[in-house]
Amino acid sequence: MERTMPDDTDSTLRDTVEAFIDERCQAKLDKLRQDDDGYHEKRAAVVENHRRENWLADATRRVAQLQVVTHALKATHPDARGTSLFAPPETLPAHPAVGTHVLGDGAPRDVVGNAAALDVYKFLQTEHDGRSMLDRALAGEAAFAAALSDDPAQGQAWMEAFAGITRAGDDQASHTRAKQVYWLVGDDPTDDRGFHLLAPLYATSLAHAAFRAINEDRFSEVAKAARTARRERRYSAVESREYPKLAVQKFGGTKPQNISQLNSERRGGNYLLASLPPDWRSADVRAPLHTDSVFPLFGRRRPVRSAVNVLLRFLRSEPKPNVATRRHRDELLAELTDALLVFAAELSALPPGWSAHADCRLVEAECLWLDPDRAAEDAEFAMRRAQVDWPREVRERFAAWLNAQLQGPLPVADPERRFWAERLEVEMDELEETLPHV
């Protein structure tokens, strides 16, 4: 049956809309099994739900569960329930400091909200003639409204609903789990009335742009060729860029999509550039060569031996199983983890690449942990640091080492080993986020 469209409808724009919906429909149909009970009823329901106006009606209902943002709240804390903001670069004042305003028209857009409704955002990202559906909705384009529905009023309403994905809502608020800063605006810091309470938000668009740029400088074929040319003292038309002491902060744990869409694309990784005082390097620190693990070296340190002995005496005293006991045990364990961090920091300050020495027999996880600056010169090493779950293995090796120190006087086994590893992850977290790593 031939379709008729209003005069101001771009038929190819409607084709793009319908092609997206048809693709979604086919993906659902492909998951159905013909030998399942009710197959034909399920198939008919999927087809009906993906008729253009049916799917769009549902999409405009679910789009209220999402918000397109440039500054996200949940990066501060995943349980924060306040407001995120959409502030594209062209709406921000220009100033000399680097900020979202420098990104220009190509600024990445992030989305927060119900992950189950992300197919709606994927629809809004779909492009036709170089412009996304969201850009058309924000511009109030009549042709886009006509492509959504044959009813002009309905098409206009749906377009406005889609455009609402950038609005924060009327009830803007911060949250107790969000960052809040008292900023002095008066002349007297003793006068409480002289402060404004600021609620800084994470610049997710800027962070994503920086993440992509840094990855390009570190892992692209062009960057690898430039580093090779520098090592071989050959000319390169492309400069070799380095990011010494680069770190990664993980957002969202095992569920980075709960923070935002762009955070999910980065698998939770967010780069932190070094802002540190000059390195202090002890003349007594030597590369741990001719050994399979650094933990025996760590255990021979006097403060470490002392902390282990205090922990052992405390546990052998059979303290009462109460809150005070758990708190004191955790404090003693924290002394050990603090000492481990100092030990790791000293080895990390050695000249980069010591772990590549022929006499280095450390397991890979300990090399990736303790020689972070080698990644700037060794692209393969950098890739392994980004992909291998070395923090988990280091935690397990620390837990096994501590169990070995306590065995004999105490009947420690796998439950205790798992507990040491869990406490190291929960309380310190530096081995995964704060210690120097990719």
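The values are calculated or read from the model by the stated rules, or taken from the named source; none is laboratory data. For clarity, every value in this text was computed on a predicted model and none was experimentally measured. Note that we place each Cβ from the backbone using ideal geometry, even for glycine, and neighbour counts take in every protein chain shown. Ligands, DNA and RNA are excluded from the accessible area calculation, which covers all protein heavy atoms including side chains. Shrake-Rupley method; radii C 1.70, N 1.55, O 1.52, S 1.80 Å.
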### Task
State which residue pairs qualify: first residue open to solvent by 20 Å² or more (accessible area, probe 1.4 Å) and inside segment 74-86, second residue basic (K, R) in any location, beta carbons under 7 Å apart, and separation of 6 or more residues or different chains.
T76/K179; H77/R177; D79/R177
#### Entry: Filter result (touching a residue at least 24 places away in the same chain (Cβ under 8 Å) and among the aromatic types (F, W, Y)) within segment 30-61
W55
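I'd like to verify a number: residues in segment 358-373 that are open to solvent by 30 Å² or more (accessible area, probe 1.4 Å) and out of contact with any Lys or Arg (no Cβ under 9 Å at 6 or more places or on another chain), how many? So that I can check it myself, show each step before the final result.
Step one: of segment 358-373, the residues open to solvent by 30 Å² or more (accessible area, probe 1.4 Å) are 358-359, 361, 363-364, 373.
Filter once more, so that each one left must be out of contact with any Lys or Arg (no Cβ under 9 Å at 6 or more places or on another chain): 358-359, 361.
Of the residues in segment 358-373, 3 are open to solvent by 30 Å² or more (accessible area, probe 1.4 Å) and out of contact with any Lys or Arg (no Cβ under 9 Å at 6 or more places or on another chain).
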### Message
Out of S264, S260, I need the residue that is within 30 Å of D79 (Cα to Cα), open to solvent by less than 60 Å² (accessible area, probe 1.4 Å) and in contact with a strand residue (DSSP E or B) (Cβ under 7 Å, 6 or more places away or on another chain). Which one?
### Response
S260
### Query
Which of the residues belonging to segment 308-327 are touching a helix residue (DSSP H, G or I) at 6+ places or on another chain (Cβ under 7 Å) and either open to solvent by 60 Å² or more (accessible area, probe 1.4 Å) or not in a helix (DSSP H, G or I) (or both)?
P319
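Listed here are the residues, each with its yes/no results for (1) within 21 Å of A209 (Cα to Cα); (2) assigned to a helix (DSSP H, G or I).
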residue: R14; (1), (2): no, yes
residue: R43; (1), (2): no, yes
residue: A97; (1), (2): yes, no
residue: D105; (1), (2): yes, yes
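Scan segment 328-344 residue by residue and report those that are buried (at least 16 other Cβ atoms within 10 Å of the Cβ) and free of Cβ contacts under 8 Å to residues at least 24 places away in the same chain.
Taking segment 328-344 first, the residues buried (at least 16 other Cβ atoms within 10 Å of the Cβ) are 329, 332-333, 335-337, 339-340, 343-344.
The one that is buried (at least 16 other Cβ atoms within 10 Å of the Cβ) and free of Cβ contacts under 8 Å to residues at least 24 places away in the same chain: R329.
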## Note on the structure
The number of residues in segment 153-162 that are open to solvent by 10 Å² or more (accessible area, probe 1.4 Å) and either within 27 Å of the chain's Cα centre (by Cα) or not small (G, A, S) (or both) is 4
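Which one is nearest to E18 (Cα to Cα) among residues in segment 139-152 that are of a type in the set (A, V, I, L, M) and surrounded by fewer than 19 Cβ atoms within 10 Å (Cβ to Cβ)?
In the first step, residues of segment 139-152 are kept if they are of a type in the set (A, V, I, L, M); the result is 139, 142-143, 145-148.
Pick out the ones that are also surrounded by fewer than 19 Cβ atoms within 10 Å (Cβ to Cβ) and you get 139, 142-143.
Numbers: A139: 21, A142: 17, A143: 15 Å.
Per the criteria, the residue is A143.
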### Looking only at segment 143-170, and only at residues there that are acidic (D, E) and free of Cβ contacts under 8 Å to residues at least 24 places away in the same chain, the one that is farthest from R109 (Cα to Cα)
D151
### Query
Is one or more of the residues making up segment 185-205 crowded, with 16+ Cβ neighbours inside 10 Å and in a helix (DSSP H, G or I)?
yes
